[in-house]
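One structure is given here, and the rest of the page talks about it.
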Amino acid sequence: MKHYIDITLLPSDDIGIHFLWSKVMMQLHLALVEIQDENNQVPVATGFPEYREPKGKNPGFLGQKLRLFAVEQNNLHRLDIKHWLSRLSDYVHVKEISSIPAVDSFESFSRENTTGSVDKQIRRRMKRHNENYEQALLHYTGYQPSNDKLLVPFIRLKSLTSGNDFCLNIVRAKHVDNSGEIQHQRFNTYGLSRTGVLPKF
């Protein structure tokens with residue numbers, strides 16, 4: 001990665017940070033869909049420089065800053081994120097494209113699928129195994145979801161295909177090597193990838 005854009009979210013009394021994250025991430029997703037390749041991959045990555053890990057019983061938090069990365073400056077121009085966020089101009093500050101400074105640490109951000117509530121698991125099993133509620137309930141006797149996964153930072157979004165709400169859970173992995181110099185990384189249409197390594201600064 002060689003270039004980046006910082007976007008700062010500016011919540012206010014009438015629009016909270018979580019609602020704002022939902023709006024910003026949906027617009028970013030739409031923008032990334034426009035530049036995806038035939039494999040639904042994009043050359044722009046999403047980072048969260050203020051990301052805070054869950055600690056004890058305290059949930060994680062994404063912070064108020066979004067960072068977009070690209071190897072080629074042209075890909076950030078093509079994304080035209082200012083246009084996509086124009087309706088939110090009172091609530092976001094978009095900086096100009098900058099060059100990434102020298103760094104010695106790296107990280108990646110990816111989607112974490114959480115198992116969800118017992119009720120959600122039961123409904124899923126009913127559908128997949130053609131079972132009634134009582135049959136599916138027996139399978140989940142004593143089931144407890146992992147508290148760690150429930151504390152991962154997330155953004156609530158609406159699926160454009162189904163119209164259903166879902167949580168985009170985001171986890172960070174730290175890297176100590178120089179993998180961030182890989183020149184042809186590709187990311188999903190939320191800018192996330194388990195293997196796409198980004199400079200940390």
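The values are calculated or read from the model by the stated rules, or taken from the named source; none is laboratory data. Predicted, not measured: the structure shown is a model, and the values here were computed from it. All Cβ positions, even for glycine, are placed from backbone atoms using ideal geometry, and neighbour counts span all protein chains on display. Note: areas computed on protein heavy atoms with side chains; ligands, DNA, RNA excluded. Shrake-Rupley method; radii C 1.70, N 1.55, O 1.52, S 1.80 Å.
Quick one: which strands (runs of 3 or more DSSP E) lie wholly within the range 63-115 and hold at least 1 residues that are of a type in the set (Phe, Trp, Tyr)?
Details: elements: 65-70, 92-94, 106-111.
Those strands (runs of 3 or more DSSP E) span 65-70, 106-111.
Identify all residues within the range 39-53 that are open to solvent by less than 10 Å² (accessible area, probe 1.4 Å) and out of contact with any strand residue (DSSP E or B) (no Cβ under 8 Å at 6 or more places or on another chain); write none if there are none.
none
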_Single match in LEU9, LEU28 (criterion: closer than 19 Å to PHE201 by Cα and of a type in the set (A, V, I, L, M, F, W, C))_ = LEU9
_Only one of HIS18, HIS3 that is of a type outside the set (S, T, N, Q) and closer than 17 Å to ARG156 by Cβ_ = HIS18
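Looking only at the range 13-29, how many residues end up being open to solvent by 50 Å² or more (accessible area, probe 1.4 Å), in contact (Cβ under 8 Å) with a residue 12 or more places away in the chain and not basic (Lys, Arg)?
Start the filter on the range 13-29 by keeping residues that are open to solvent by 50 Å² or more (accessible area, probe 1.4 Å), which leaves 13-14, 18-19, 23.
Narrowing further to those that are in contact (Cβ under 8 Å) with a residue 12 or more places away in the chain: 18, 23.
Subsequent filtering for residues that are not basic (Lys, Arg) retains 18.
The qualifying residues number 1.
Might you check whether a residue that is under 23 Å from ARG172 (Cβ atoms) and aromatic (Phe, Trp, Tyr) occurs anywhere in the range 75-91? Outline the logic, then answer.
From the range 75-91, those under 23 Å from ARG172 (Cβ atoms) are 75-76, 79, 81; that's our starting set.
Checking which are aromatic (Phe, Trp, Tyr) leaves us with none.
Within the range 75-91, not a single residue is under 23 Å from ARG172 (Cβ atoms) and aromatic (Phe, Trp, Tyr).
Per-residue answers, yes or no, for (1) modelled with pLDDT of 95 or more; (2) part of a loop (DSSP other than H, G, I, E, B); (3) among the hydroxyl-bearing types (Ser, Thr, Tyr); (4) in contact with a Ser or Thr (Cβ under 9 Å, 6 or more places away or on another chain):
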site	(1), (2), (3), (4)
LYS23	yes, no, no, no
GLN36	no, yes, no, yes
ASN39	no, yes, no, no
GLU50	yes, yes, no, no
*Scan the range 69-104 residue by residue and report those that are in contact (Cβ under 8 Å) with a residue 12 or more places away in the chain, polar (S, T, N, Q) and either touching an Asp or Glu at 6+ places or on another chain (Cβ under 8 Å) or open to solvent by 40 Å² or more (accessible area, probe 1.4 Å) (or both).*
GLN73, SER98, SER99
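For (1) under 20 Å from VAL24 (Cβ atoms); (2) open to solvent by less than 50 Å² (accessible area, probe 1.4 Å); (3) modelled with pLDDT of 70 or more, each residue gets a yes or a no:
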residue	(1), (2), (3)
PRO145	no, yes, no
LEU160	yes, no, yes
CYS167	yes, yes, yes
ASP177	no, no, no
GLY180	no, yes, no
GLN185	no, yes, yes
TYR190	yes, yes, yes
*Among residues belonging to the range 1-12 that are in contact with a helix residue (DSSP H, G or I) (Cβ under 7 Å, 6 or more places away or on another chain) and not in a strand (DSSP E or B), point out the one that is most open to solvent (accessible area, probe 1.4 Å).*
PRO11
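Does GLN36 count as touching a residue at least 24 places away in the same chain (Cβ under 8 Å), surrounded by 14 or more Cβ atoms within 10 Å (Cβ to Cβ), out of contact with any Phe, Trp or Tyr (no Cβ under 9 Å at 6 or more places or on another chain) and within 20 Å of SER110 (Cβ to Cβ)? Don't jump to the end; show me each part of the working.
Values: touching a residue at least 24 places away in the same chain (Cβ under 8 Å): yes; surrounded by 14 or more Cβ atoms within 10 Å (Cβ to Cβ): yes; out of contact with any Phe, Trp or Tyr (no Cβ under 9 Å at 6 or more places or on another chain): yes; within 20 Å of SER110 (Cβ to Cβ): yes.
For GLN36, the condition - touching a residue at least 24 places away in the same chain (Cβ under 8 Å), surrounded by 14 or more Cβ atoms within 10 Å (Cβ to Cβ), out of contact with any Phe, Trp or Tyr (no Cβ under 9 Å at 6 or more places or on another chain) and within 20 Å of SER110 (Cβ to Cβ) - is met.
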*Return the total of residues in the range 116-143 being open to solvent by 50 Å² or more (accessible area, probe 1.4 Å), at pLDDT below 75 and assigned to a loop (DSSP other than H, G, I, E, B).*
4
